[in-house]
Structures are given as structure tokens and as C-alpha cells.
Amino acid sequence: MRTGLERLVAKPTLLAGSSRIGLITNPTGVLPDLTPGPAALLAAGLPLTALFSPEHGLRGTAQAGFGESGGPNGADDPGGFDPATGLPVFDAYLKEGPALDALVASARVDTLLFDIADVGTRFYTYVWTMYDLMESAARLGLRFAVLDRPNPLGGTIAEGPLLDPGHASFVGRAPIPVRHGLTAGELAGYVNRDLGADLHVVELEGWRRHDGTDGLPWVMPSVNMPTPDTALVYPGTALFEGTNLSEGRGTTKPFELVGAPWLDERFAGCLNAMDLPGVRFRDTWFTPAFHKHAGTPVRGVQVHVTDPEVFRPVLTGAAMLHLAHRLAPERFTWQGAEEITSGASHFVDLLWGSADLRRSVEAGGAAGDLCPPPAHPRGWAGDGTLLYA
């Protein structure tokens, strides 16, 4: 298997015609030998003149909801320079519309190049930075290129509902499932039907859709995504971000640990009694070092995936939410939306892509009603058409 970055470094003419390239990247944009992408592209003779950073920053040091402010000279250095390459760094996180266009124009590039590892979940923000910059490139008349990388969840299963456009936000711009089963290049091709950017994808070679990222080193995509195990459970347990339960931030097992001070042994016992496919739950205690319930002992579960082939993270997360509410409805609360879009008032609605999950939990519904059997990702278009050959 060869990533788009490997292919471009080996054959720079794959991006012929570009004279000033702005690279959108972070620590995941590396070759298999861990050479950083910017250094590899410059060594190959590509005209890289600027770097753009997403959430968590170019160096990946910022927590969720933040970019890296300032450069090596501190917060008073608004753009900053990458000390490894000397290139200017432009923080694109949470910029859109005219503000993003002005940022891109100030970089004076003719091509935007995206190379960031995604985790295959709709509400992970890197692909929406890609989306926003594609939209900006279309408005400014620039070329946009994607160096494709594999989806760590594989490309054979899509799970969860399509996003309701009325709940579009930075944790979901387009109507795709929660677990979408696509690579960033495939997703770029899908959304570009509406964006109309001058899109070029340097495709993966030799990737089989069930492979995930086998054979590539795992570089933490963000500070709370330490391992492939985290990415596997994330499409379901990250839904707890929209509640007052801890999703394990502030521990060494974010998203694998879920709990609250008021839960008891019934949480693990009832979850195991559901016999959800490919997963078991261990009753456990943990004390988050930061974020929700910081410094407070929390009781909950650790999610242990026993069979990744049949494990359904979205169904699992929805079932956990339903049960947590049922066990302590007087203590369970929803968190407010971080960005209010089209009337959405709960963050979980933005994560799920509609209010359906929240309403089902409040009504005591069944998680399975919201999560029908997974579909092949090439068949999830609303009209039933195949998205890719």
C-alpha cells in the first residue's frame, strides 16, 4: 500500500502546474518512515510555500476546540513560522466564508494540498476543515488536491444516520453517516458535486477496503486519539460529549472509558446483558485529570472490543446513552450546543445529525430502532446510487 504522500514524493509531476503550494497538515502527515510531509515534499522539489493547520494545530498540541495560537515567538506572533521548514503557518481552524478566503488569499498560493489522517467518523473535524478550504478554493479559483490515506475503520461498513442538513455544523457539513466508510479523497469527491472545486486526488495504491491502516505507523491524529482502539470506539462513545457523563477525557483511555459519579454496577451488567455484537463491558472506576468530573472518582465501564469485524460502534454508543439515561434520569443531562445552527440547542443533536437520538433516549426508545444493520458505504446515497466505481 502507498499513500498519496508517498506517491507524490516519488512522482512530483502528479501535481504538475502548481507554482505555490499551501499544505494543510498536522503530525499525521508523514511517510511510513515517519519523515514529516513538509520536509518530504520540499526534498522532492515541490514548491511548498505555506502551511495551514486544523483543530489541535500544526504540531497537535492543542486540546479539543482549539487551534495553536501564535507561532514559535508566542501568542503575539499571529501567524508564526514552522521552525523545521521556515514556512509561514496559517491557522484555519473555525474560519469560514470571507474570513477564510482572506486567510487563504494572504498566503498567495495557487494550490491547496490536504494531507491529514482522518478517523472515519463524521464529527471528527479534519474533513470539515478540508471541506471549508475546498469551498474557499472554489471561490478563489485555486486548485485543491488531496493526498489520500486509508480509513482506519476500513471501507466496507457505513453506520448511523445521514446528517439532516438542518443540523449542519463544523462537526458535520454534509449528509453522510456517522461512520462513513470513506477515505478523505473519496469524501472530497462526494462533497465536490456541490462545491465545484478544481479537485485532484492523489489516490491510494494497493489499499483493500477491509485493511484499515494495517502496515502504517499510528500517529496520534489528536491529543485524545492515542491508539487505533480509540478510533474504533469513537463513533459511538464520542456521543457522550453531548452529555454530562465523562467520555474518558483526562484519562489514558479516552472514549474507551465512560462514566459518571452517580452510576453503579448496573451500567456494566445491563450493557453486557444486551449482548451487543463484538463487545464486552468491564465495571470500572476512574478519575479524570481534566474535563468533566476532573478530580472526582467516576464509576462506569471500559469498552472492550472482542471482535472488530462485527462490532458496531454507533449502535453501541446509542445503547449506552439509552441505558445511562434509564438508570439515572434525574442526574443525566444534555450539554448545550457549542455552535447553534438552525435552531439546534443540544450538542448531541449536532453529533448525531438530528434530534432523533435525544428524543429516543428521552422517550425510552430502543437504540436498535435508530441504528439499522450497517450498509456498505458505496450504497448510502439517499437515491441508492453507487458513489464510487
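The values are calculated or read from the model by the stated rules, or taken from the named source; none is laboratory data. Predicted, not measured: the structure shown is a model, and the values here were computed from it. Ideal geometry is used to build each Cβ from the backbone, glycine not excepted, and the neighbour counts take in all protein chains shown.
Quick check: anything in region 266-280 more than 17 Å from Leu323 (Cβ to Cβ) and more than 19 Å from the chain's Cα centre (by Cα)? Yes - at least one qualifying residue is present in region 266-280. Of all residues in region 138-155, those satisfying the criterion of being under 17 Å from Glu186 (Cα atoms) and either in a loop (DSSP other than H, G, I, E, B) or among the aromatic types (Phe, Trp, Tyr) (or both) are Phe144, Asp148, Arg149, Pro150, Asn151, Pro152, Leu153, Gly154, Gly155. Which ones in region 338-366 are surrounded by fewer than 18 Cβ atoms within 10 Å (Cβ to Cβ), among the acidic types (Asp, Glu) and modelled with pLDDT of 85 or more? Within region 338-366, Asp356, Glu362 qualify.
For Asp369, the test of being of a type in the set (D, E, K, R), surrounded by 15 or more Cβ atoms within 10 Å (Cβ to Cβ), at pLDDT 65 or above and in a helix (DSSP H, G or I) is failed. Considered as a group, the residues in region 285-319 that are charged (D, E, K, R) and closer than 28 Å to Gly212 by Cβ include one that is modelled with the lowest pLDDT, and that residue is Glu309. Counted as qualifying within region 1-115 are the strands (runs of 3 or more DSSP E) with 2 or more residues that are at pLDDT 95 or above, namely 21-25, 48-53, 111-115. On the stretch given as region 1-51, residues that are closer than 19 Å to Leu103 by Cα and either outside the structural domain of Ala105 (by TED's automatic domain parsing) or β-branched (Val, Ile, Thr) (or both) total 4. Screening region 372-389 for residues that are more than 21 Å from Gly166 (Cα to Cα) and buried (at least 19 other Cβ atoms within 10 Å of the Cβ) and picking the one that is modelled with the lowest pLDDT gives Pro377. For Thr316, indicate whether it is closer than 30 Å to Ala363 by Cα, outside any strand (DSSP E or B) and in contact with a strand residue (DSSP E or B) (Cβ under 6 Å, 6 or more places away or on another chain). Against the criterion (closer than 30 Å to Ala363 by Cα, outside any strand (DSSP E or B) and in contact with a strand residue (DSSP E or B) (Cβ under 6 Å, 6 or more places away or on another chain)), Thr316 qualifies.
Being buried (at least 21 other Cβ atoms within 10 Å of the Cβ), under 17 Å from the mean Cα position of the chain (by Cα) and either without any contact (Cβ under 8 Å) to a residue 40 or more places away in the chain or within 30 Å of Glu241 (Cα to Cα) (or both) is the requirement here; does Ala117 meet it? So Ala117 fits the description; yes.
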